[in-house]
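The values are calculated or read from the model by the stated rules, or taken from the named source; none is laboratory data. Every value quoted in this text rests on a predicted model; they were computed, and no experiment measured them. A quick note on method: Cβ atoms are made from the backbone with ideal geometry, for glycine too, and the neighbour counts reach across all protein chains shown. Note: accessible area is taken over every heavy atom of the protein model, side chains too, but ligands, DNA and RNA are not part of it. Shrake-Rupley method; radii C 1.70, N 1.55, O 1.52, S 1.80 Å.
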Amino acid sequence: MRGYLITPSLLALLALSQVACSGMSTRDRNTAAGAAIGGAAGAILSGGSAAGTVGGAAVGGVIGNQVDPNKK
């Protein structure tokens, strides 16, 4: 029963996140993506601790902010 609720919820969240990012600059999108990926990685590596998740999100956000796709 839980699976029937989780999948539509995730799809709705994904659709809303795409709309929410439409007015963001490339740097802002990179920062948000880095924070999301870093938070997920921190949660996985720390076994789900809050400190690991927040730390991963912070580090990921900083890295995402510094990524410049036009830099050579």
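Here are the numbers:
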{"read-out": "Highest-first arrangement of 48-57, 10-19, where packing means the average Cβ count within 10 Å", "value": "48-57, 10-19"}
{"read-out": "Neighbourhood charge, 14 Å Cβ-Cβ cut-off, centred on ASN30 and excluding it, Lys, Arg +1 and Asp, Glu -1", "value": "+1"}
{"read-out": "Karplus-derived 3J(HN,Hα), 6.51/-1.76/1.60, for each residue of the stretch 36-50, Hz, glycine and proline x", "value": "5, 5, x, x, 5, 5, x, 5, 5, 5, 9, x, x, 6, 5"}
{"read-out": "Rounded accessible area per residue of the chain, 1.4 Å, Å²", "value": "75 Å²"}
{"read-out": "Spherically averaged projected area in nm², based on the convex hull that wraps the Cα atoms of the stretch 19-72", "value": "4.1 nm²"}
